[in-house]
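In what follows, a structure is listed as structure tokens, so that the remarks can point back to it.
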Amino acid sequence: GQFDQAIDEYEKTIKLDPRNVKAQYNLGVIYKNRKLYDKAIQQFNEAKRISPKYSKAYYSLGDIYRLKGKYDFAIQEFKKAALFNPKNAGTYLGLGMIYSNQKKDKEKATYYYRKYLELKPTGSYSDKIRNWLKQPAIKNSY
């Protein structure tokens, strides 16, 4: 269908111009959307190799690693994405989600969620994050 045609087009472009970072990245996005994560990871890594500061590739890798449950890898990629593009709110959302849900680190989650809200005060997750930030810290009952 449409995805297969797009994959063919990007593969042709890459064959003609292997250093075309956007084609490498866009092919990765198609693979990611089709849940072909290993193929997507290869494409995003290739995009990083061609253009080491291409923040979208780091962000997309972070998102895939988060989805696959590889949280330490996700954190590493999200932090690099933030370094190369500090204006991408999604990066901070991803970090906040990992630190709140998997790492149970309220302090770091709060930091990253606040960064998200600075950039996206009316984003689709903003209300949920504001409610999360209002929750009192849970005390251990030992």
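The values are calculated or read from the model by the stated rules, or taken from the named source; none is laboratory data. All values reported here derive from a predicted model rather than from experimental measurement. Cβ: placed from backbone, ideal geometry, glycine included. Neighbour counts: every protein chain shown. Ligands, DNA and RNA are stripped out before the accessible areas are found, and what is left, the full protein with its side chains, is counted by its heavy atoms. Shrake-Rupley method; radii C 1.70, N 1.55, O 1.52, S 1.80 Å.
Under the rule of -39500 (n - 2.57) per DSSP H run of 4 or more residues, summed and divided by the residues of the chain, what mean residue ellipticity at 222 nm is obtained, to the nearest 500 deg cm²/dmol? The helix-only estimate for the chain comes to -22500 deg cm²/dmol at 222 nm. Projecting the Cα atoms of Tyr71, Gly1, Asn45 onto the dipole axis of the chain, where Lys and Arg carry +1 and Asp and Glu carry -1 at the beta carbon, places Tyr71 farthest toward the positive end. Taken one residue at a time, the phi angles of the stretch 102-115 give Karplus couplings (6.51, -1.76, 1.60, θ = phi - 60°) of 9, 8, 6, 10, 4, 4, 5, 4, 4, 4, 6, 5, 5, 4 Hz. Gly and Pro are set to x. Charge dipole of the chain (Cα centre as origin; +1 on each Lys and Arg Cβ, -1 on each Asp and Glu Cβ, all else neutral): 540 debye, rounded to the nearest 20. Direction-averaged projected area, Cα convex hull, the chain: 9.8 nm², rounded to one decimal.
Per residue, the accessible area of the chain comes to 64 Å² when a 1.4 Å probe rolls over the protein heavy atoms. Most tightly packed first, judged by the mean number of other beta-carbon atoms within 10 Å of their residues, the peptides 25-32, 90-97, 120-127 read 90-97, 25-32, 120-127.
Computed in the context of the full set of protein chains, the accessible area of the stretch 1-141 at 1.4 Å probe radius has 50% of its extent on carbon or sulfur. Ignoring aspartates and glutamates fewer than eight residues from Lys35 along the same chain, the ones with Cα atoms less than 17 angstrom from its Cα are Asp4, Asp63.
Note on Lys104: aspartates and glutamates with a C-alpha under 16 Å away, same-chain residues under 8 apart excluded, are Asp72.
Of the listed pairs Lys48/Lys106; Lys80/Lys128; Lys12/Lys120; Lys22/Lys108, which have alpha-carbon separations greater than 29 Å here? Violating the 29 Å Cα-Cα cut-off are Lys48/Lys106; Lys12/Lys120; Lys22/Lys108.
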